[in-house]
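Report on one structure; see the data block that follows.
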Amino acid sequence: MKIELPQVGESVTEGIIGKWLVAVGDKIEKYDPLVEVVTDKVAMELPSPVAGTLREIIAVEGETIPMGGVIADIESENEKAAPTTEDNPADLEPSSEQDKEIGTTGILLKDVAPVGPTGSGGIIDSASSIKGQNRGSRVIYSPAVTRLAEIHDINLEMVTGTGRNGRVTKKDLQNFIDSEKTSVDSKSIDQDDKKSSNTDSVRTEGTYPNVLANDEEKITLSPVRKMIASNMVKSATLIPQAWSLVEVDVSGLVELRNKVKDDFQKREKVNLTYLPFVLKAVSESLKEIPLLNSSWNEDSIILKHQINLGIAVAAPDGLVVPVIENADTLSISGLAHKLDYLTTRAREGTLTVSDVQSGTFTVNNTGALGSIASQPLVNYPQAGIITTEAIVKRPVVVNDAIAIRSMMNICLSFDHRIIDGEHASGFNRSVKDQLESINLNTQIY
Amino acid sequence: MTIKTVLEAVHDAMQEEMRRDKTVFVMGEDIGARGGVFLATEGFLQEFGEDRVIDTPLAESSIAGVALGAAMHGMRPIAEIEFGDFIWPTINQIVGEAAKVRYGTQGKLNAPMVLRAPHGGGVRGALYHSQSVEAFFAHTPGLKVITPSTPYDAKGLLKSAIRDDDPVIFLEHKRTYRLVKGEVPDAEYTLPIGKADLKREGSDVTIITYGLMLHHCLEAAETVEMDDIDVEVLDLRTVRPLDIDAILETTKKTGKVLIVHEDNKALGVGAEVSAIISENAFEYLDGPVSRLAGPEIPAMPFAPPLEEMYMIDSEKIANSVRQLAEY
């Protein structure tokens, strides 16, 4: 029988073995002192809990032993008779009712089976009636899995689950995303085979040889890059796009902004750029020509009543398009604030899923990078995307005379299935007219 | 850096603050001549004298009330309740009065007091030397409640508590007093109240815990490594105010959270943490937010096998982690 160092004080955790008072082979009576033990509270003699013969000294003099540690082995008289261990509570037979693990739920929640780890920590038989176990073949995806699948545009039926009952876990999904598969839904590619020959050249797997030459370097794709690529492929292959450009005289806008921007900054703590004015003009134009705020639905066109403008922002990981919902209900100032908020978060990488969902039309400020004409790709599955190009002072003809004016091009790419030239030009015209009518009296707030 | 026990850290924190600030004083049962039943105030009477080291009668309500009064008059008392189990007579003074001083006087008065007590079980302390008391105080606006688990945390947080201008309840788990040793800087430092500490980084499952349980959780994390489960362990350190940012950040990282505390489960700190998670990080959950906590039993048993059943150890924690990991 193993002799353990007993607990001798509330906060005492270890003891130092002193002199052994018996030797191996000695016959011991119950309660005979075996050894001296010193703790920081007390020095004591440890009495033997049983009668018998000292078989082995395990902890030697001077050794530090934690409470509960084994210090000796005694061949007790009981052992010679019948080899039973201390912990054989043969008398204590719990009734079969109590035997069930009430665990830590106890009286308060008596009728609830200890669900998983909230029980006493014992193994729970998964066949026990836990709510949800009886759901049969219905497949449940956890919030985390659903969210990730949306962001990366993954069809969850393609993912193998290794969780309980074959559940797709977040880890399973993450592994799937990290693997070399792209997130393009192959079905939609097949569907449009008949439409354009472009789809023939679309491949779902990389066809570049795996072996790199000496002057080549492979960059593995980040999840964001994969997603951007998939969206671009969809846009390029599924939407027949046309393009139209108009010039806009924004001299009035420039003058207004220069006048109010410092006060605005001081008062609102946010910069006033040209973009809020553009967003306002775009919102109003979308109300005038609603067809630009829609989506192709194979056998119908879905008109969106909410005007949710996506703004293309260059974020550290790649292009991202946060959305200003109900942009038409905001003033210039309101739009400026919302823009600042979203672009800051985009650059910090803290956008949430809800920030990038639900866009109905997209605006891209390509002018910020110096471009004066660009051909954007429609943000699938929207109907149109507009760019604002760089504002450049040019000599133009006004009232039959040469004048120096601030000129900005705006370029519209659109889904030609939904929108004809008439609507596209009408839209551009509307945006142009609104921007050109901005002057020092235009309301900011 | 020196290796200290939690007890030594607590002792040093109080001693340094008393040297630094004359308005700091200690009061409690047996803390003067005896140096405290755990020797937390050993040497204080000799160094600081009777005026600043006060042996009180056995009257917890008065200990708290007198400390409150002194605090409202410009002192910084550190009142000790000898065992958390005896803290209940102070509820009226602490919850009913101290917590409400600043608010009730519109900021004209405040109560910069610390009420500290050793609490927690697993020491064969039975009914009157084993209770966990944090939940009752953590429920009260106007109080701060700290539950450190390491010497480094205990010293830094106790100093902050003493310097805080409002009532702080400082609960030391008595089993950590000598069992837990750790490195403590020799130079002066404090730690911010209300900030949790990531004691172990991982990616599969998060354990949120505090007090003695932290150490069992770390052990369990090592154990389940062999099952290829990578556990992240967040030590709350303060249970009021909770570090919500840290709680949500780790939830978003792993999606699976197990909350472990020794205190009884129903309506404990874990219940609040769980609610916070499901309210704010629902879309990031990959498994049910789970709690492993004390049972619905009125007191810690005295009989060793029963106490063992009551207490949570690293094996129970490891089992719970495995279950959550495989969900």
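In nm, to one decimal, how far is the A:E61 label point from the B:E225 one, both placed 7 Å along Cα→Cβ?
It is 4.0 nm.
About its Cα centre, how strong a charge dipole does the stretch B:197-326 have in debye, to the nearest 20, once Lys and Arg get +1 and Asp and Glu get -1 at the Cβ?
Magnitude of the dipole: close to 360 debye.
Give the residue list of trypsin sites (Lys or Arg not before Pro) in the stretch A:307-359 that are DSSP loop and have at most 11 other beta-carbon atoms within 10 angstrom.
Answer in residue order: no site qualifies.
Rounded if a/c is under 1.5, else prolate if a/b is larger than b/c, else oblate: which is the stretch B:17-138, with a ≥ b ≥ c the root eigenvalues of its Cα gyration tensor?
Because a/c hits 1.5 or more and a/b fails to exceed b/c, the stretch B:17-138 counts as oblate.
Using helices alone, what [θ] at 222 nm do you get for chain B, with -39,500 (n - 2.57) per DSSP H run of 4 or more residues, divided over all residues and rounded to the nearest 500?
-10000 deg cm²/dmol
Measuring from centroid to centroid over Cα atoms, what is the spacing of the stretch B:227-287 and the stretch B:9-59 in Å?
If you average the Cα positions of each part, the centres end up 36 Å apart.
Using a 1.4 angstrom probe and counting only protein chains, how large is the accessible area of A:W296 in Å², to 10?
For A:W296, the solvent-accessible surface is approximately 70 Å².
With a sphere of radius 14 Å drawn around the Cβ of B:I91, what net charge do the other residues whose Cβ falls strictly inside it have (Lys, Arg +1; Asp, Glu -1)? Before the final figure, lay out the partial values.
Details: positive: B:K100; negative: B:E60, B:D85, B:E97, B:E134.
Result for the local shell: -3.
Before I look further, what does the stretch B:197-326 give for accessible area per residue, probe 1.4 Å, in whole square angstrom?
It amounts to 39 Å² per residue over the stretch B:197-326.
Of B:L171, B:L109, B:M18, whose Cα points farthest to the positive end of the dipole of chain B (charges on the beta-carbon: +1 Lys, Arg; -1 Asp, Glu; origin at the Cα centre)?
It is B:L109, whose Cα lies furthest towards the positive end.
Could you tell me the accessible area of A:T53 in Å² (1.4 Å probe, neighbours in place), rounded to the nearest ten?
40
If you add up the charges near A:L330, with Lys and Arg at +1 and Asp and Glu at -1, over every other residue whose beta carbon is less than 14 angstrom from its beta carbon, what do you get?
Working: positive: A:K280, A:K287, A:K338; negative: A:E268, A:E284, A:E325, A:D328, A:D340.
Around A:L330, the surrounding residues sum to -2.
Across peptide A:140-151, how many C-beta atoms of other chains are within 10 Å of each residue C-beta, on average?
Averaged over the peptide's residues, the number is 4.
What percent do you get for the relative contact order of chain B when only Cα pairs under 8 Å and 6+ apart count?
Worked out over chain B, it gives 17 percent.
Between the alpha-carbon centers of the stretch A:293-337 and the stretch B:181-215, tell me the distance in whole angstrom.
44
Using just the alpha carbons, could you tell me how many Å³ per residue the convex hull of the stretch B:197-326 encloses?
99
Just check the protein assembly as shown against the gyration tensor rule for me: Cα atoms, a ≥ b ≥ c as the square roots of the eigenvalues, rounded for a/c under 1.5, and otherwise prolate or oblate depending on whether a/b exceeds b/c.
It comes out prolate by the Cα gyration axes.
Please compute, for peptide A:156-163, the average count of beta-carbon atoms on other protein chains lying within 10 Å of each residue's beta-carbon.
Rounded to a whole number, the mean comes out at 1.
Ordering B:D245, B:D55 by how much accessible area each has at a 1.4 Å probe, largest first, what is the list?
B:D245, B:D55
Put +1 on the Cβ of each Lys and Arg and -1 on the Cβ of each Asp and Glu in the protein assembly as shown; which of A:P33, A:V398, A:A312 then has its Cα farthest toward the positive end of the dipole?
Value: A:V398.
I'd like the FRET efficiency for A:K259 and A:D178, computed as 1/(1 + (r/R0)^6) with the beta carbon distance as r and R0 of 41 Å, rounded to 0.05. Write out the running numbers ahead of the final one.
Numbers: r = 52 Å, r/R0 = 1.27.
Computed FRET efficiency for A:K259 and A:D178: 0.20.
For the stretch B:1-138, what is the relative contact order in percent, using Cα pairs closer than 8 Å and at least 6 residues apart in sequence? Walk me through the intermediate numbers first.
Values: 211 pairs, mean separation 28.7, N = 138.
Over the stretch B:1-138, the number comes to 21 percent.
Rounding to the nearest 20 debye, state how big the charge dipole of the protein assembly as shown is about its Cα centre with +1 on each Lys and Arg Cβ and -1 on each Asp and Glu Cβ. Kindly include the intermediate steps, with their values, before the conclusion.
Working: 76 positive and 115 negative charges, 692 e Å.
It comes to approximately 3320 debye.
Would you work out which of A:V278, A:A336, B:L68 lies farthest towards the positive end of the dipole of the protein assembly as shown? Charges go on Cβ: Lys and Arg +1, Asp and Glu -1.
The listed residue farthest towards the positive side: A:V278.
Compute the signed sum of charges (Lys and Arg +1, Asp and Glu -1) over the other residues within less than 10 Å, Cβ to Cβ, of A:G163.
Value of the local net charge: +1.
Relative to the Cα centre, what is the charge dipole magnitude of the stretch B:2-184, using +1 at the beta carbon of each Lys and Arg, -1 at the beta carbon of each Asp and Glu, and rounding to the nearest 20 debye? Please list the in-between numbers first.
Working: 20 positive and 24 negative charges, 79 e Å.
Approximately 380 debye in magnitude.
From largest accessible area down, sort A:D299, A:D262; use a 1.4 Å probe on the protein chains.
A:D299, A:D262
What percentage of the solvent-accessible surface of chain B, computed with a 1.4 Å probe over protein heavy atoms, is contributed by carbon and sulfur atoms? Let's see the in-between values first.
On the way: 6850 of 12690 Å².
Whole-percent figure for carbon plus sulfur exposure: 54.
Cα centroid distance between the stretch B:113-171 and the stretch A:349-381, in Å?
If we compute the Cα centre of each part, the gap is 52 Å.
Longer than 29 Å from Cα to Cα, which of A:K259/A:K304; A:K287/A:K393; B:K100/B:K159; A:K171/A:K304; A:K280/B:K252 are they? Say none if no pair is. If you can, show how the numbers build up before the last one.
Details: A:K259/A:K304 36 Å; A:K287/A:K393 31 Å; B:K100/B:K159 23 Å; A:K171/A:K304 36 Å; A:K280/B:K252 36 Å.
A:K259/A:K304; A:K287/A:K393; A:K171/A:K304; A:K280/B:K252, as the Cα separations exceed 29 Å there.
As an exercise, identify the trypsin sites (Lys or Arg not before Pro) in the stretch A:230-290 lying in DSSP coil whose Cβ has no more than 15 other Cβ atoms within 10 Å.
A:K269
Remind me, relative contact order of the stretch B:197-326 in percent, using alpha carbon pairs under 8 angstrom and six or more residues apart? All intermediate terms of the calculation are to be shown ahead of the outcome.
Values: 226 pairs, mean separation 38.9, N = 130.
Relative contact order, the stretch B:197-326: 30 percent.
The values are calculated or read from the model by the stated rules, or taken from the named source; none is laboratory data. Worth saying up front: this structure is predicted, and the values here are computed from it rather than measured. In this analysis, Cβ positions are derived from the backbone assuming ideal geometry, glycine residues included, and neighbour counts consider all displayed protein chains. Accessible surface areas use protein heavy atoms only, side chains included; no ligands, DNA or RNA. Shrake-Rupley method; radii C 1.70, N 1.55, O 1.52, S 1.80 Å.
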